[in-house]
Amino acid sequence: MGLKSLVLLLPSLAVPSTCSSCKSSRPFLLAFAVSFSALPGFSFCSERNAYSPLEAMNRYLYLLLCSHIVLTTSTELPVCIVGAGASGLSAAHALEALGRHTVIFDAKDTVGGNAQNYYENDQAFYLGPLLIGNSSHPETMKIVESVDVPVTTYTPESSWIFNWTTGETWTAPETPQTPPPEFLEELQRYTENVSDELTVSTTEWFTEQKFPLLHATIMPSLIAWGYGDVDELPIFYPLSIFTPAALMGTRLRVDFHEVFQRWSRQLSRSEIHPGSKVDCIDRSEETITLYYTSSQNQNTPLQQSCSDLILAFPPTLSSLEAAGLSLSAEEHTVFSAVRTTNYFSAAVRLDTPHLSFFQITTETPYSSPEIAGQPVSVEGQYNNSDISLLYALASHSQSVEGVADVTLQTLSRINGDPTDDDAITTPVTPTDIKAFRHHPYYFPHFEADALRGGLYDLFNDLQGANRTYFTSGLNRVEHVEYVVVAAREVVQRYFST
């Protein structure tokens, strides 16, 4: 029986007794007739109060148990975390470091969030984040090292540019082993003189700052990583990702899915419920209650009480409403302004050379491609595998089925050996698609007008209201390092006192 349960039984176990010194009623337990004379702060008798041994024991025990409840009720319930990706796991680790318990829910059947893989012949094909570097991911690298997941290099044997509508393919320009002096000069100015105006578009900013080489250098990554149209994307987000150290650092690869699997197993004070869909979140009472269903038993509604709530997923209106969260007026104002990109990744069997890299052509080296659901990059992963990874960006009006159709049509136009001018491309069929993943809430962000309107200040003001906290790529930018750090900072700022 716990201390709290014992206190609830005190009224039924007590009878009144009057102390002759203070003439007041004192309850005492009929059980626990043991000597407490050795307890600190304990006294049988004084000139002001006189107790029998049993009465004194009762007074001490009763006050001790009551004070235990007062001190522990606020932290006795766990912190509920919705989302078991990089953000949710980072928050859980930070909370455990403070001695808190957590209960984590995720609709997916496994942890990792966007970091999911397709496996074949003991090889992993990364359908989510895969790049890491010592300079660009210092905190994430510590996690990788702590779980002992190997980091590898990736060098394609050939690189190509392709026209997605015609299938025309040509050799990509070679990347110099040593950056040219012009690039280093731009990088030096980029380091020393970054404008304070961060709400203008990426294209406008690089043009005004006269950084053509830097602009052309980061464009392939911005396209492949699903950050949208650079003519509209506020420069705030690319500047957060492409720091000078990150631009000059070595890009490595790691199996983030395995990293987060192992990292989740290091949690010792947390319960993780994969395959659990949160249907309703009730914040109307002092205690927050989550109602959810498990994939193992969808017919039985379950519930969990929480002291606090951390929503570790992109907080769009649709995602919050899907979790059954009734929004305040302030929350509705902020989250109605959140935008995302409609991003896809896939593992597909192709007849292209192994370890080949295909990048979509654009009108200029500084512009984004048309956003129509077509693959924007296709990358062979292993020299002994014919499976490639692809990434595609679609408009929000396009359906998953529509993007899949565009993907098959585009791949069929380039599915051959680009080194052979007489090669005939082979149609790609649905059976060649080994895995196809939709990321509907990818890259949560604010557009330029919202940034200028102070939406980030309003967003930060929401932290802690209704005992609810938000941590995702929205806190800074959709990037593993920033997501991990943002979750940790939320916990340290609001839970450490």
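Derivation of every value follows stated rules applied to the coordinates shown; laboratory data play no part. Just so you know, these numbers come straight off a predicted model, no measurement behind them. Glycine gets a Cβ as well: all are built from the backbone with ideal geometry, and neighbour counts include every protein chain shown.
Taking 7 Å steps out from each Cα toward its Cβ at GLN188 and ASP449 produces label points 4.2 nm apart. Among SER328, SER412, SER388, a tally of other beta-carbon atoms within 10 Å of each Cβ gives an order, fewest to most, of SER328, SER412, SER388. Take every Cα pair under 8 Å whose residues are at least 6 apart in sequence, average their separation, divide by the length of segment 108-240, and the relative contact order is 14 percent.
Overall, segment 208-273 carries a charge dipole of about 420 debye about its Cα centre when +1 sits on the Cβ of Lys and Arg and -1 on the Cβ of Asp and Glu, all other atoms neutral. Here the spin labels are modelled as points 7 Å beyond Cα on the Cα-Cβ line, and at GLN303 and GLU76 they lie 1.8 nm apart. Rg and Dmax of segment 90-248, based on Cα coordinates, read 19.5, 59 Å. Taking amide H as placed 1.01 Å from N in the peptide plane, the amide H of SER135 sits under 5 Å from that of THR250, each at least 5 places away or on another chain. If you take the Cα centroid of segment 311-372 and the Cα centroid of segment 417-437, the two points sit 25 Å apart. Which of ALA423, ASN466, HIS479 sits farthest toward the positive end of the charge dipole of segment 362-490, with +1 on the Cβ of Lys and Arg and -1 on the Cβ of Asp and Glu? Looking along the dipole axis, the top candidate is ASN466. Taking every C-alpha pair closer than 8 Å and separated by at least 6 residues, the mean separation divided by the residue count of segment 244-366 gives a relative contact order of 16 percent. In this structure the amide hydrogen of ILE288, modeled in the peptide plane, comes within under 5 Å of the amide hydrogens of CYS306, none closer than 5 places in sequence on its chain.
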